[in-house]
Amino acid sequence: MDIAKKYDPSSVESKWYAKWMEKGYFHSEPDEREPYTIVIPPPNVTGVLHMGHILNNTIQDILIRRARMQGKNACWVPGTDHASIATEAKVVDKLKKEGIDKYSLTRDAFLEHAWEWKEKHGGIILEQLKKLGASCDWSRTKFTMDDDMYESVIQVFVDLYEKGLIYRGARMVNWDPQAKTAVSDEEVNYKEVESKLYYVRYPIDGEDEYIEIATTRPETILGDSGICVHPEDERYTHLHGKEVIVPVINRKVPLVVDEYVDREFGTGALKITPAHDENDHAIGLRHNLEVIDIFNDDGTLNEKAQVHVGVDRFEARDAFVKDLEREGYLIKEEDYTNSIGFSERTDAVIEPRLSTQWFCRMKDMARPALDNVMNDNIQFHPAKFKNMYHHWMDNIKDWCISRQLWWGQRIPAWYLPDGNYLVARNEEEALEKAREKTGNAQLTLDDLRQDEDVLDTWFSSWLWPISVFDGIRNPDNPDINYYYPTDDLVTAPEILFFWVARMIMAGYEYRDERPFRNVYLTGVVRDNQRRKMSKSLGNSPDPLRLIDQYGADGVRVGMLLCSPAGNDLLFDESLTEQGRNFGNKIWNAFRLVKNWEVDEQTTQPEHAREAISWFEHRLNKAIAELDDQYNKFRLSDALMNLYRLFWDDFSSWYLEIVKPAYQQPIDADTYESTLQFFEKLMKLLHPIMPFITEEIWQLIRERKEDESIMISPMPQAHRWEAPLLEAFEKVKQIISSVRNIRKDKEIPNKEALALKVNGEHDNRYDPIVKKLAHVESIEHVSGKMDNTLSFMVRTTEYYVPMEDLVDAEDEIRKLEEELEYTRGFLNSVLKKLNNDKFVANAPEKVVNMEKQKKEDAEQKIKTLEERIKGLKG
C-alpha cells in the first residue's frame, strides 16, 4: 500500500467531509434507538468564526460524534440568530454608506434591505464551522426569523399575554442611545469609571439661603423637579414646605421629605430627576413630582432642557458645568469612581429613561427553573455556577421584551382609534377582535395601527430547544416527542442568564420538562497575558488561518489542551502546533506498522505475546477512565488520557516491543493484534480528531463503500487487572534504568549486558526487558555484588556487572542523592499518616496505599544505606 510520507490535512479534510455529507451520516430521523440531542447556541447571523466558536463547537462535535459511535441516534441542530440590534446596526451602516437614511424608508423597504443583507452574509459562519469538522444535521438548519420560528414566537407572546404574564406599562428602562432602543437589565455591563462629583448650590425661593447637593450628572439638573431630604434631618427642618430654584434655568421645584434619603451620605440632600433615575422616579411618584424627560432618543438634549438643545449629553455636561461655574452655583468638584452601565450590544453608556414598554413577568416562571437546577435535575458543569444562578433567579425582575427596532418579530399588538389596544396572532384575528371589542363591524385594518416595536432577540432564542422541533406550533409532533428534552448544552457562562435560564423557564412553561440534562459552561478564551481575545486588541488569531496551517484536528486538539470546564483558557498558537505534531506522530506510527513485512509462518515471540496482553489491559483501563471523564465532562482530561495512551504506551512502548528486527518480518498474529489496537485507538480518538482517524481507519484494511469510522461502534471497556499493569510499570523502570546506565557509561546498544536481581522480580516480562534493554541474561542473586552499577525498583535491587568501569565515588554520590530523595518522600508520607484528620476521613484504600508507600520507602532506605556502606568498604 502506498501511504504518503507526510500527512496532508487539507486534502484529507475536504475529502472526508464531502464524503460524510454525501452519505448523510450527520442526518437524524426519529427511530427506535436512544436519541442524543444537542442544539447549537445559534451564533449571530452577523458573525464570523472566532476562537470562542472554535472552542464551543469543538466540544459539541466531540460529544455528538461519541454518542453516534455509542449507537445513539445523534442529532445536532444548527442555526443562526437574527440578532436584532447587531443586524439592524449593520444594515443601517450599509445604507448610510449608500447615502440612504433608515427613516427615509418605509418599514417594509428597510426589511427588504435587511433580508438581502442576511441572504448575502448570514450563512458565512455555518460554512466556516464545516471546516472545523462540525457534524451538524445541516438539513435541520434553523434561523430565528424563519416563518415557523417567527410564528412560534408570536404564539408564545399571545399565550403569555392571555395568561397575564405579559403587560404594557411605563417603567424606568435601560436606554441605549446608540441603538435607540431599550435593553434588558441583563444586557447592561457595569464598569468602574473615573469621573467627577460636582457640588452645586440651589437657592431657596424667597430666602437668602442655599441648599447643597452633590451629583455625578450635572446635565440632569435640567430635568430636576424636586429636592428631597430626610424628615428627621434637623439641618433642613426649617426648609420643609419651601420651594427651591433649579440653577441656571430658574425653575421653581418643591422641597419634599422622604425616609429614603440617607442623612449620613453627602450633604443629606438629593436632587430628584424622575425621568432619568429609577430611585428618583419612585420618590417622584410618592410626592407627585413632574416628570421632565430632557433627552432625545439619541442622547442629545431636547427642548425641555431649555439650554444646549441638540447637544450630546456628555458635551452638554461640560457646557453646563461651565454655566454653573460662571453663574456662581458650582461649589467644587472632586475625583470620583463610580459604576456606570454600558450596553452589552453597542458599549454605549446606558441612559435610565422612563418609557412605555412591554414586559414579561418572571417570578412565577423562575421558580421551577430554579428548583430543577438546585436539585440537579439539570446539572451545571462545573457546579460552581449554581450559586450565581441561584442569586440571580432569587432576585429576578420583570423582563423588558420590547425593542425600538424594525428587524425582528414585530409585537402582535394593535391600537384602536380610541387608544385602547388588543393582542392577536395576525392581522385577520386582530380585526376580528377589534370589531368584537368595539361593536363596530365597519372597522377595517386601516383603522388599526400595529405596534412599531419588535421583540427582544432573546424572546425568540429562549424557545430554541422547542421551536427548532416545531414544539410550540405542533406540541405533539414526532420530532419534539423524540428529541426533547435535549441532552447537553454547551455554552458560555456570560449568557447563563440571557439564554440558559430563560430556556429552562420556557421548557417548564411549554413542555413541563427540562430543556436539557446537562449544561457545560466553557471558559473565556484569553491570550497568554490573560487578556480576552478581541479584534480591537488584535490578539485573536483567525481560526481559518489556524485550520489551514495546522489542520482542523490540530486546532481541535489545541483548544482542548487549554480548556478545563468553566475556567478561562490561556490560548497560545503553540498548542495548535502541538495538536498538529500529535497528528504527525499518529501518522508516522501508522506508516511504521503498515510498512512491516508479514510472515504467516513465523512463530509469535514471547515478548510480543506479553506486550499484547499488557496493552490489552492498559487499553481497557484507559477506556474505563475515558467513560468516567466524559460522564463528568472532563474533556481535557479525556484528551490527555488518549494522548499519553497513544504517544507513551502505544508508540514508545508497545510498538518498540513488537517491532521486528531490521529487515526481518513480523509474525501474522502480532501484526493482526497491532492493527486491531490501531483500529480501537482511532475510534477512541475519532470524536476529537475526526479527519486523520477516518483516513487511517480506511487504510488499515479494506472497507466497503458505505463504511465509516464515524458510524462504527465505540470500543467498550473490558476486564483489566491493576496488578498486571503495576508489574509492567516496574518493567518500564527496569528498562529505563538500564538505558540510563548505557548512556552514562557510553556503552553501545549493540553490546549486550547482564542483569542480576536481588529481591522480588516477575520473570514473566524478562523477554521484553532482554529485547528493549539488550540484556543477554537475567539472574537472581542472594547478596550484594561488587564491580556493578546498581539501581532500585521499589524494594528490589538490580545490578549490572561492569568489571573495571565502576567509579565507586560516582556510584556513592548517586546513591546518596537517591537516599536523600527517598527520605524526603518518606517524611511527606509520614506527615499524612500522622495527621489524625487524614486517617479518619480519607477512604480506607487511600490510607492503605500511603501505608504501603511508607513500608516501601523504609525498605528502600535500608537497602540504599547498606549499598553505600558496602561501597565505602
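The values are calculated or read from the model by the stated rules, or taken from the named source; none is laboratory data. Remember, predicted model here, so these are calculated numbers, not experimental data. Here Cβ is always computed from backbone atoms with ideal geometry, including for glycine, and neighbour counts include all displayed protein chains. For accessibility, only protein heavy atoms count, side chains too; no ligands or nucleic acids. Shrake-Rupley method; radii C 1.70, N 1.55, O 1.52, S 1.80 Å.
A compact table of results
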| quantity | calculated |
| --- | --- |
| Of all accessible heavy-atom area on the chain, the percent that carbon and sulfur account for (1.4 Å) | 45 |
| The chain, dipole about Cα centre (Lys/Arg Cβ +1, Asp/Glu Cβ -1), debye to the nearest 20 | 2080 |
| DSSP bridge pairs, the chain: antiparallel proportion in percent, nearest 5 | 70 |
| Å² per residue, accessible surface of the chain at 1.4 Å | 46 |
| Residue-averaged [θ]222 nm for the chain, counting only DSSP H segments that reach four residues, each worth -39500 (n - 2.57) | -13500 deg cm²/dmol |
| Table column - 3J(HN,Hα) (Hz), segment 224-229, Karplus curve with 6.51, -1.76, 1.60, x for Gly and Pro | 5, 10, x, 10, 10, 10 |
| Centroid-to-centroid separation of segment 43-91 and segment 105-163 [C-alpha atoms, Å] | 14 |
| Relative packing of 356-362, 688-694, 335-341, 384-390, which averages over residues the other C-beta atoms within 10 Å, highest first | 688-694, 356-362, 384-390, 335-341 |
| Sites Arg473 and Asn440 - FRET efficiency at Förster radius 30 Å, r taken between beta-carbons, to 0.05 | 0.40 |
| Helix 427-438 vs. the chain, principal-axis angle (Cα, 0 to 90°, nearest 10) | 40 |
| Potential extension, Asn288-Leu544 segment - 0.36 nm per residue separation minus Cα distance | 86.1 nm |
| Translational diffusion of segment 664-732, µm² s⁻¹ [Kirkwood Rh, Cα pairs; Stokes-Einstein; 25 °C; 0.890 mPa s] | 173 |
| Longest to shortest principal axis, alpha-carbon extents of segment 456-593, angstrom | 54, 44, 23 |
| Positive-pole candidate from Met172, Ser152, Leu129, dipole of segment 122-201, charges at beta carbon | Met172 |
| Partner lysines for Lys814 [C-alpha distance under 24 Å; skip if fewer than 8 residues away on the same chain] | Lys730, Lys732, Lys743, Lys745, Lys756, Lys784, Lys853, Lys854, Lys860, Lys862, Lys869, Lys872 |
| Label-point separation in nm, Asp856 to Asn189, each point 7 Å along Cα→Cβ | 5.1 |
| Surface/4 estimate of mean projected area, convex hull on alpha-carbon atoms of segment 325-482, nm² | 17.7 |
| Phi-based couplings in Hz for segment 78-89 (Karplus 6.51, -1.76, 1.60; Gly and Pro marked x) | x, x, 10, 9, 6, 6, 3, 5, 5, 5, 4, 4 |
| Most to least packed among 474-481, 153-160 [average Cβ atoms within 10 Å] | 153-160, 474-481 |
| Unsatisfied cross-links (Cα-Cα over 31 Å) in the set Lys72/Lys704; Lys384/Lys683; Lys5/Lys659; Lys680/Lys832 | Lys384/Lys683; Lys680/Lys832 |
| Near-label residues of segment 1-43 by backbone N, under 19 Å of a point 7 Å along Cα→Cβ of Glu705 | 15-26 |
| Count of lysine pairs in segment 122-221 with Cα separation under 29 Å (8 or more residues apart, or interchain) | 6 |
| Placed amide H near Asn338: partners under 5 Å, 5+ positions off or other chain | Val193, Ser195 |
| Gln450 long-range amide H proximity, modeled H, under 5 Å | Tyr415 |
| Angle between the chain longest axis and helix 107-121 axis [Cα atoms, degrees, rounded to 10] | 10 |
| Qualifying aspartates and glutamates (Cα of each under 13 Å from Cα of Lys120; at least 8 residues distant if same chain) | Glu112 |
| Stretch gain in nm, segment Asp2-Arg425, where the contour uses 0.36 nm per residue and the Cα spacing is subtracted | 145.8 nm |
| Under the Karplus curve 6.51 cos²θ - 1.76 cosθ + 1.60, θ = phi - 60°, whole-Hz ³J(HN,Hα) for segment 371-379, x wherever Gly or Pro sits | 4, 7, 8, 5, 8, 6, 5, 10, 9 |
| With Cα atoms, 0 to 90° folded angle of helix 51-69 axis to the chain main axis | 60 |
| Separation between Cα centres of segment 635-684 and segment 404-433, rounded to whole Å | 67 |
| Segment 538-655: C-alpha gyration tensor shape, a/c 1.5 cut-off, then a/b vs b/c | oblate |
